1. Let me check I've understood the local charge: for L165, count other residues with C-beta under 10 angstrom from its C-beta, Lys and Arg +1, Asp and Glu -1. What total comes out?
2. Highest mean first, how do 37-48, 14-25 rank when packing is the count of other Cβ atoms within 10 Å averaged over residues?
3. Taking θ as phi - 60°, what are the ³J(HN,Hα) couplings along the stretch 168-174 by the Karplus curve (6.51, -1.76, 1.60), each to the nearest whole Hz, with x for Gly and Pro?
4. Under a 5 Å amide H to amide H cut-off, with H placed in plane at 1.01 Å, what residues pair with L165 once short-range neighbours are removed?
5. On full extension of the chain, what length is gained from V131 through L62, given 0.36 nm per residue of separation minus the C-alpha to C-alpha distance?
6. Please work out the FRET efficiency for the pair R91 and S70, using the Cβ-Cβ distance as r and a Förster radius of 22 Å; give the result to the nearest 0.05.
Amino acid sequence: MEHLQREGSLIGDSQLLLQAASGDANAFEAFVVRHRSAVWRFVRSLTHDPSSAEDALQETFLSAWRHAASFRGEGPALGWLLSIARHAVYRHFRGRAGEPERMETMAELGEVAGWGADLDPLDAFLMKDEVDRALAQLTVEDRELLILREVEGLSNEDCARLLDLGLPALKSRLHRARLRFVAHLRGERHGH
């Protein structure tokens, strides 16, 4: 993979995908190595079944290999890849009944989340087990959004594009997801 470095710096994702589209397996392998952990975290956040997550991971990279030429560079390659991963997970669960989501008011969410309480968000993220349990209680849509935005660091615009949402809708969903997360985290801390 040494030929995948140029002047001491790594080749960018766009160039790796361009080379992969031309059949360069080494370039695609470098792309996979670069993004495998992020895709794994994302698919695991959407499904609690490790086997399903592994299937989605493999399907994601197979699809990315086949469609490398379709990457247009309009956003980060990771966003494009996570979009493929999202579709792989949802294809896996297509036809399975999902629970309808109850829409809480902002006041309800704020109260449960503890608006005004002394909760240090950094402290919350350092307590991994509590965080994992709180995330597990969220809907797939909320987990998906929080992982994309807070863990993978995608911008609001990139998340909106990936999730096929308008920016105002994304911001509203993100705010609600954050409040639900904090409410579940407080519940973990207080044994509820």
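Every number here is computed from the coordinates shown, using simple stated rules; none is lab data. What you see is a predicted model, and the numbers here were worked out from it, not measured in a lab. Here the Cβ positions follow ideal geometry from the backbone for every residue, glycine too, while neighbour counts run over all protein chains shown.
1. Net charge in that neighbourhood comes out at +2.
2. Top to bottom by mean Cβ count within 10 Å: 37-48, 14-25.
3. Once θ is set to phi - 60°, the couplings for the stretch 168-174 become x, 5, 4, 4, 5, 4, 5 Hz.
4. Long-range HN contacts for L165: none found.
5. My answer for the length gained is 21.7 nm.
6. 0.80
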